[in-house]
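Enquirer: Okay, here's the structure, questions in a sec.
The values are calculated or read from the model by the stated rules, or taken from the named source; none is laboratory data. Since the structure is predicted, the reported quantities are computational estimates derived from the model, not experimental observations. All Cβ positions, even for glycine, are placed from backbone atoms using ideal geometry, and neighbour counts span all protein chains on display. These accessible areas exclude ligands, DNA and RNA; they are computed on the full protein's heavy atoms, side chains included. Shrake-Rupley method; radii C 1.70, N 1.55, O 1.52, S 1.80 Å.
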Amino acid sequence: MFHRHALPGRDRGEAALTVTAEHGLERTALRLLTLGPEEPWVHHCGEAEWILLPLTGSCTVSVTSGPEESDAPDPAGVDHRTAAMRESTFELAGRDSVFSAVTDFAYLPRRARCRINSSAGGRFALAGARCGRTLPARYGPASGVPVELRGRGSCSRQVNNFAAADTFSCDRLIAVEVLTPGGNWSSYPPHKHDEQRPGEESELEEIYYYEIAPHGTTEGLGYQRVTPSPQGRTDLLVEVRTGDAVLIPNGWHGPSIAAPGHDMYYLNVMAGPGANREWLIQDHPDHGWIRDTWPAQPLDSRLPFYRSGRTEGEGS
């Protein structure tokens, strides 16, 4: 139930991969779009906020959205929402692949109607989270995405913090990209965020969407482990390939293992019920010690895969 595969083929108007509440998650959502040239897609945001993220290719997105949360209601009870509709259009330059560059992106407000069109075709992720406020539609430039180099040794990886809690304003949605060189362990030590403990841990469900680099004509693969925590029973050990998604409502998650010779990419989509939008984690007590070994190890020389205008130093 918590391991989903992209459809090898899909009918016109059908997403290649969809994760919604019917798949066991209450707060997060994901749609993977594969668009042909000049093949538009219409997306209705509903009661969720979304980020449109190019995986390959470029696109134009036109957004029709209603009044923002700060718009005061008419005291006479007159509905002015039609007059207050906003029209926005964003040109997303995108990228050749998730392994080639940071990308720009667009924020799509709840209750908005969006039309996505790619002149040359491409693949695009829609990462969503159920929310309670209507924020303005916005453009996120690639030059503003902080790129962090995290871990050391065989735990080295790159994190593109395009919509981390402290880098881009959303109501509930938190989203980042992680790139792991082949043979390395990522999302390690195992950690969890399934309890609301102020200042220590935030309750967040999570989606991992994977793409694995091939070696010539050999398809890439990796592995994802999730183990039960005191607050949850999720127990998974799955082989992941390009187009797969792993759903994590709770539990210790990690490692995400990249097979030797096959670089790994995953998109993390998170959201929770807490009053504060924050990413606070607890390391697994049996494995957290690994962090203490990192200062004596070098960063993997294959990193970074690429840089942006805001490349940051090494983190944990």
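Enquirer: Using θ = phi - 60° and the Karplus curve 6.51 cos²θ - 1.76 cosθ + 1.60, what whole-Hz ³J(HN,Hα) does each residue of segment 29-37 get, with Gly and Pro shown as x?
Expert: Calculated HN-Hα couplings, in order: 8, 8, 10, 10, 9, 10, 10, x, x Hz.
Enquirer: Considering only protein heavy atoms, what per residue accessible area in square angstrom results for segment 93-199 with a 1.4 angstrom probe? It would help to have the intermediate numbers written out before the result.
Expert: On the way: 3210 Å² over 107 residues.
Counting only protein heavy atoms, the per-residue value for segment 93-199 is 30 Å².
Enquirer: Given a 10 angstrom Cα cut-off, can you work out which residue in Gly261, Gly66, Gly122 is the most mobile in a GNM of the chain?
Expert: Per the Cα network of the chain with a 10 Å cutoff, Gly261 tops the list.
Enquirer: Among Asp104, Asp235, Asp263, which one moves the most in a GNM of the chain with springs linking Cα atoms closer than 10 Å?
Expert: Between Asp104, Asp235, Asp263, it is Asp235 that shows the largest mean-square fluctuation.
Enquirer: How much length, in nm to one decimal, is gained on full extension between Ser62 and Gln297, taken as 0.36 nm per residue of separation minus their Cα-Cα distance? Provide the component values of the computation, followed by the final result.
Expert: Working: separation 235, 0.36 × 235 = 84.60 nm, distance 4.72 nm.
Extending this stretch completely gives an extra 79.9 nm.
Enquirer: Using the Kirkwood radius built from alpha carbon pairs, what does the Stokes-Einstein equation give as D for the chain at 20 °C and 1.002 mPa s, in µm² per second? Let's see the in-between values first.
Expert: On the way: Rh = 20.1 Å.
Value of D from the Cα-based Kirkwood radius: 107 µm²/s.
Enquirer: Further question on the same structure: Of all accessible surface on segment 142-268 at a 1.4 Å probe, what whole percent is carbon and sulfur? Mind dumping the intermediate values first?
Expert: Numbers: 1970 of 4050 Å².
With neighbouring chains kept in place, the figure for segment 142-268 is 49 percent.
Enquirer: Sequence gap at least 6, Cα distance under 8 Å: using those rules, report the relative contact order of the chain to the nearest whole percent. The partial results should precede the final answer.
Expert: Working: 887 pairs, mean separation 66.1, N = 316.
Result for the chain is 21 percent.
Enquirer: Around Leu108, which amide H atoms from residues at least 5 apart in sequence, or from another chain, sit under 5 Å from its own amide H, with H modelled in the peptide plane?
Expert: Trp50, Ile51, Leu52
Enquirer: While we're here: Size of the dipole of segment 224-278 about the Cα centre, Lys and Arg at +1 and Asp and Glu at -1 on the beta carbon, nothing else charged, in debye to 20?
Expert: Values: 4 positive and 5 negative charges, 26 e Å.
I would put it at about 120 debye.
Enquirer: Just Arg241, Arg197, Arg95 to compare: in a GNM of the chain, with alpha carbon springs under 10 Å, which one fluctuates most?
Expert: Sorting by GNM fluctuation, first place goes to Arg197.
Enquirer: Quote the FRET efficiency, to the nearest 0.05, computed for Glu26 versus Trp289 with a Förster distance R0 of 41 Å and r equal to the Cβ-Cβ distance. Present the calculation step by step, with values, prior to reporting the outcome.
Expert: Numbers: r = 33 Å, r/R0 = 0.81.
Result of the calculation: an efficiency of 0.80.
Enquirer: How big is the accessible area of Arg172 in square angstrom, nearest 10, if you roll a 1.4 angstrom probe over the protein chains?
Expert: The accessible area of Arg172 comes to roughly 60 Å².
Enquirer: Now a separate question. Which parts of segment 121-150 would a label at Glu91 reach, counting a residue when its backbone N lies under 12 Å from a point 7 Å out along Cα-to-Cβ?
Expert: none
Enquirer: Which ³J(HN,Hα) values in Hz, rounded to whole numbers, follow from the phi angles of segment 175-191 under the Karplus curve 6.51 cos²θ - 1.76 cosθ + 1.60, where θ = phi - 60° and Gly and Pro get x?
Expert: 8, 9, 10, 10, 10, 10, x, x, x, 8, 9, 10, 6, 9, x, x, 9
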